[in-house]
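The values are calculated or read from the model by the stated rules, or taken from the named source; none is laboratory data. Note that the coordinates shown come from a computational prediction; the quantities given were computed from them, not determined experimentally. Neighbour counts run over all protein chains shown; Cβ positions are idealised from the backbone, glycine included. Side chains are part of the model used for accessible areas, which takes the heavy atoms of the whole protein and leaves out ligands, DNA and RNA. Shrake-Rupley method; radii C 1.70, N 1.55, O 1.52, S 1.80 Å.
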Amino acid sequence: MTGFTFRLGSRSFDERSRLVMAIVNRTPDSFYDKGATWREDAAFDRVREVVAQGADIVDIGGIKAAPGVEIGADEEKGRVVDFVAAVRAEHPDLLISVDTWRASVGRAVLEAGADILNDAWGGADPGLVEVAGEFDAAVVCTHTGGVTPRTRPHRIEYDDVVESVVESLVAQAGRAVSMGVARDRVVIDPAHDFGKNSWHSLEVTRRLDELVALGWPLLVSLSNKDFVGEALDLPVGERLTGTLAATAISAWHGAHIYRVHEVVETRQVLDMVSVITGDLPPARTARGLA
Amino acid sequence: MITDVVIVPGAPLLLPEYQGRVAAVPGLLESCVGVLSEAVGSSHHVVVVHATDREARSTKPAIGLRVADHLLAATHQAFEVEHVAVAWDASVQECMTLGRELKSGSGTTLLVVGDGSARRTEKAPGHLDTRAADVDDAIVAAISGAADGDLERLLELDPEVCAELLVAGRAPLQVLAAAVSSDPTPALASADVVARAATSAGDARCEVVSCEVTDPCGVLYVVAHLRLH
């Protein structure tokens with residue numbers, strides 16, 4: 001822990017924070033929910049549900065990460081911009097992130113009330129951080145090994161994956177600041193599974209403390225991913241326990257933001273780790289003390 | 001002279017170092033501090049009577065002493081504090097001697113840290129002992145009947161039975177009984193105490209200002225304020 005604070009929207013957090021970012025897909029084909037929140041009313045219900053469950057942030061995405069039908073910028077905007085505006089109207093204090101790599105989409109959602117641009121494809125559109133800076137928004141910088149958006153890793157190797165992650169994220173974070181993003185509104189994410197085989201994602205998890213030590217708020221996106229599935233030889237739908245184990249390890253290392261499908265379980269794991277580390281008092285203690 | 005007596009539980013869950021995000025027993029701390037603040041309003045001198053820990057496994061001061069100090073600090077009032085420790089398993093005679101020897105200047109508040117049985121329910125720290133209810137009832141009756149001279153009945157509490165029932169407050173309560181007794185030489189706990197109390201015309205000097213009794217964790221907690229005239 002390096003003792004810093006960071007800001008998302010109008011809120012400020014310290015380095016001991018462990019925040020839940022709930023995934024809300026405006027897609028018909030995402031790998032985990034398979035279009036469960038494609039319909040707008042279902043997506044609204046999902047937002048209400050995760051807010052009630054204690055999510056700190058929602059991350060709204062209009063394009064699934066995996067390869068598939070090409071979605072143009074206009075189509076992407078059609079999926080997310082009005083939805084962001086409506087979520088903002090219903091939840092004035094909720095932190096809203098949008099998962100996009102396109103600057104034009106970023107601009108539209110920030111105008112609609114979003115707080116965070118989650119650049120899940122590692123700066124593929126260099127204009128995205130400029131937009132974030134212009135709106136005093138937060139931005140998530142991710143490591144993808146330089147791959148093209150919506151491609152799977154194929155025979156990628158690194159001399160040292162963590163070194164590559166550090167080098168890329170420090171460069172992206174520095175560029176974001178130089179483009180006008182506030183220093184305390186830059187978040188870094190090693191991006192498990194993106195440009196990485198499972199060995200890479202496991203090593204990043206094992207050595208996450210090296211990323212925490214960089215002094216930027218650290219986001220991890222572990223939820224039900226292939227590296228969990230391959231670690232346990234389990235298909236999508238049976239990866240929650242593995243996800244939570246990786247969540248606990250990441251929390252112990254000091255990661256700050258957890259992008260997840262399951263809010264309740266994640267919140268419990270994060271609170272449990274925070275209580276063990278001493279960053280949070282237990283909820284209520286009477287055992288042996290009555 | 002002793003003008004006020006306050007009785008509070010010696011539960012470590014009242015201590016700041018054991019506070020979770022919400023209080024284990026909502027309102028208990030506030031109740032104790034409220035009663036104590038009222039009692040010490042005109043006091044210059046507080047005498048704390050607490051027991052030593054039954055199972056001391058550290059070099060920390062006794063839990064009862066720490067609870068008392070925490071509650072006193074929470075009143076944000078200024079007074080001299082004197083601590084009197086009594087062994088948790090002291091004999092009745094030892095408690096009486098200690099009580100009679102308590103020095104009290106003008107306007108002294110006696111803060112007695114002690115509670116009843118920790119064996120009141122199956123979930124209680126000491127599990128259920130069916131004898132606990134009767135002993136606790138006797139403690140509560142003695143305190144709530146202080147105006148009728150019943151405090152001396154605390155001297156009837158049997159040390160061995162109380163030890164078995166995990167009555168942590170037995171010794172401090174007996175020190176209290178001796179300290180405020182109108183009889184300069186209270187009798188040993190025996191049948192004649194009962195006989196004498198039964199024929200007592202009451203203790204006009206003592207007023208029960210408040211007496212709250214709870215057992216949220218299977219332990220008898222008494223928060224009481226007695227005023228002596």
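Residues in the stretch A:93-107 that are open to solvent by 20 Å² or more (accessible area, probe 1.4 Å) and in a helix (DSSP H, G or I): A:SER104, A:ARG107.
How many residues, within the stretch B:73-84, are within 15 Å of the chain's Cα centre (by Cα) and open to solvent by less than 60 Å² (accessible area, probe 1.4 Å)?
Our first condition is that a residue be within 15 Å of the chain's Cα centre (by Cα); within the stretch B:73-84, this holds for B:83-84.
With the extra rule that they be open to solvent by less than 60 Å² (accessible area, probe 1.4 Å), the set shrinks to B:84.
Selection size over the stretch B:73-84: 1.
Considering only residues that are assigned to a loop (DSSP other than H, G, I, E, B) and either without any contact (Cβ under 8 Å) to a residue 24 or more places away in the chain or on the phi < 0 side of the Ramachandran plot (or both), which ones fall in the stretch A:2-28? Once the filter is applied, which keeps residues that are assigned to a loop (DSSP other than H, G, I, E, B) and either without any contact (Cβ under 8 Å) to a residue 24 or more places away in the chain or on the phi < 0 side of the Ramachandran plot (or both), the stretch A:2-28 yields A:THR2, A:GLY3, A:PHE4, A:SER10, A:GLU15, A:ARG16, A:SER17, A:ARG18, A:ARG26, A:THR27, A:PRO28.
Return yes when B:VAL167 is open to solvent by less than 20 Å² (accessible area, probe 1.4 Å), closer than 21 Å to B:HIS50 by Cβ and in contact with a Pro (Cβ under 7 Å, 6 or more places away or on another chain) and no when it is not.
Working: open to solvent by less than 20 Å² (accessible area, probe 1.4 Å): yes; closer than 21 Å to B:HIS50 by Cβ: yes; in contact with a Pro (Cβ under 7 Å, 6 or more places away or on another chain): no.
Criteria not met by B:VAL167.
What single numbered condition from (1) crowded, with 16+ Cβ neighbours inside 10 Å; (2) in contact with a Pro (Cβ under 8 Å, 6 or more places away or on another chain); (3) part of a loop (DSSP other than H, G, I, E, B) fails to hold for B:ALA23? So the condition that B:ALA23 fails would be (2). Scanning the stretch B:48-55 for any residue that is at negative phi, among the polar types (S, T, N, Q) and open to solvent by less than 50 Å² (accessible area, probe 1.4 Å) turns up nothing. Restricting attention to the stretch A:140-197, which residues are aromatic (Phe, Trp, Tyr) and open to solvent by less than 10 Å² (accessible area, probe 1.4 Å)? Result: no residue meets the conditions.
Every condition in (1) within 14 Å of chain A (Cβ to nearest Cβ); (2) more than 18 Å from the chain's Cα centre (by Cα); (3) of a type in the set (A, V, I, L, M) is met by B:ALA11 except one, and the failing one is (2). The criterion of being touching a helix residue (DSSP H, G or I) at 6+ places or on another chain (Cβ under 9 Å) and either at pLDDT 95 or above or surrounded by fewer than 19 Cβ atoms within 10 Å (Cβ to Cβ) (or both) holds for B:GLY126.
When B:ALA132 is tested against (1) touching a helix residue (DSSP H, G or I) at 6+ places or on another chain (Cβ under 9 Å); (2) crowded, with 24+ Cβ neighbours inside 10 Å, only condition (1) is not met.
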